[in-house]
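Worksheet: the structure to be examined is printed underneath.
The values are calculated or read from the model by the stated rules, or taken from the named source; none is laboratory data. All values reported here derive from a predicted model rather than from experimental measurement. As a convention, Cβ positions derive from the backbone with ideal geometry for all residues, glycine included, and neighbour counts pool all protein chains shown. Note: areas computed on protein heavy atoms with side chains; ligands, DNA, RNA excluded. Shrake-Rupley method; radii C 1.70, N 1.55, O 1.52, S 1.80 Å.
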Amino acid sequence: MSYDRPIAPRSAHRSHSLPADKPWTVRTASRPLRPAVQSRPLPLTRRFELEWLDADGMPRDLTKIAPALPAFEEAFAGFTHGTLIQTAEGPVAVEDLAPGTELQTSDGRTAPLLWKGAITIVPGAPTLRAAPEKLYRVTADAFGLGRPARDVLLGPDARLLNRDPGVRAAVGAEAAFVPVSCLADGISVIEVTPMAPIRVYHLVTARHHTVFAGGLEVETFAPRASMPESLSHEMLAVFMTLFPHLSTLRDFGRARWPRMSPEMMAAVG
């Protein structure tokens, strides 16, 4: 309780009857009765963990608190903890990849890992996504012998390289990146609701590439072409602080293959 003058002795206080249906402040001699100012709810935020190579080629790491926007989260949610990523030295769990590691790409070359990001998905936690966050289990040999060699659990925003004739016809290219969520059929790709907190990751290379996760061809992260329209100028600036090794969205480079949206996949059937 706050007063504009010294508190009087107890005997000098009067009893005031205040309406019970509104949050009221106390009336004093110098301040009239008025409704209390209601504080605005704080925006939903999330903890983002970053590792990257700086301009001198030295590894750096940082944890940032930023808005929990879906456009931000998808940059961190391609691979789940324990997923084996193929490197020049053999398969390495995604959580153990260090900036500078040479990743094996689908074009037969290697590309150095420049950035790795991680968030933790907590079941039941508040989210700004239209639907609860799901994981996707791709069963062994779902897309052919050894693709994948054994079950692989992917994050909600993973995109797989797809060479299906219908997909190729839709984009007019030899292949396209397809959201793993669009491939869920309950048999080969199974939607999974996490029962406990789980860390998910994404990777960035100097150019947009396709890397191998347990035999699956999965894209490295690059923003969607629609991102400048989906975020305000202020939020774009905040988004770029999550990638300290880059200056603008253009620095991510062009997408290696076209990307299919859920709407496009629905039209393909």
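Side notes on the structure shown:
- Wholly enclosed strands (runs of 3 or more DSSP E) of the stretch 81-157 bearing at least 3 residues among the hydrophobic types (A, V, I, L, M, F, W, C) and over 16 Å from THR205 (Cβ atoms): 110-121, 152-154
- Matching entry among GLY108, GLY117 (being closer than 29 Å to GLY253 by Cα and out of contact with any strand residue (DSSP E or B) (no Cβ under 9 Å at 6 or more places or on another chain)): GLY108
- Residue that is closer than 23 Å to PRO197 by Cβ and touching a strand residue (DSSP E or B) at 6+ places or on another chain (Cβ under 8 Å), where the choices are GLU102, GLU95: GLU95
- Residue within the stretch 158-167 that is touching a helix residue (DSSP H, G or I) at 6+ places or on another chain (Cβ under 9 Å), assigned to a loop (DSSP other than H, G, I, E, B), closer than 23 Å to ALA267 by Cβ and open to solvent by 30 Å² or more (accessible area, probe 1.4 Å) present: yes
- Test: residue in the stretch 61-70 that is open to solvent by less than 10 Å² (accessible area, probe 1.4 Å) and under 19 Å from LEU231 (Cα atoms): yes
- Residue check: ARG46 meets all listed conditions (1) assigned to a strand (DSSP E or B); (2) without any contact (Cβ under 8 Å) to a residue 24 or more places away in the chain; (3) of a type outside the set (S, T, N, Q) but one, namely (2).
- Residue count for the stretch 135-157, restricted to those that are open to solvent by less than 40 Å² (accessible area, probe 1.4 Å), in contact with a strand residue (DSSP E or B) (Cβ under 8 Å, 6 or more places away or on another chain) and either at positive phi or of a type outside the set (S, T, N, Q) (or both): 11.
- Close Cβ contacts (under 9 Å, 6 or more residues apart or on different chains) running from residues in the stretch 61-84 that are at positive phi to residues that are open to solvent by less than 30 Å² (accessible area, probe 1.4 Å) comprise GLY82/ALA93; GLY82/VAL94.
- Residue in the stretch 105-132 that is most open to solvent (accessible area, probe 1.4 Å), counting only those that are within 26 Å of MET195 (Cβ to Cβ) and charged (D, E, K, R): ARG129
- Remark: pairs (first residue in the stretch 92-103, without any contact (Cβ under 8 Å) to a residue 60 or more places away in the chain; second residue among the charged types (D, E, K, R); Cβ separation under 6 Å; 6+ apart in sequence or on different chains) = PRO99/GLU51.
- The one condition in (1) closer than 22 Å to GLU102 by Cβ; (2) in a loop (DSSP other than H, G, I, E, B); (3) open to solvent by 60 Å² or more (accessible area, probe 1.4 Å) that ASP185 fails to fulfil: (1)
- Residue count for the stretch 251-269, restricted to those that are in a loop (DSSP other than H, G, I, E, B), open to solvent by 70 Å² or more (accessible area, probe 1.4 Å) and more than 20 Å from LEU231 (Cβ to Cβ): 2.
- Sub-7 Å Cβ pairs linking a first residue in the stretch 122-142 that is without any contact (Cβ under 8 Å) to a residue 40 or more places away in the chain to a second residue that is among the basic types (Lys, Arg) and in a loop (DSSP other than H, G, I, E, B), at least 6 apart or interchain, are ALA140/ARG150; ASP141/ARG147, ordered by first then second residue.
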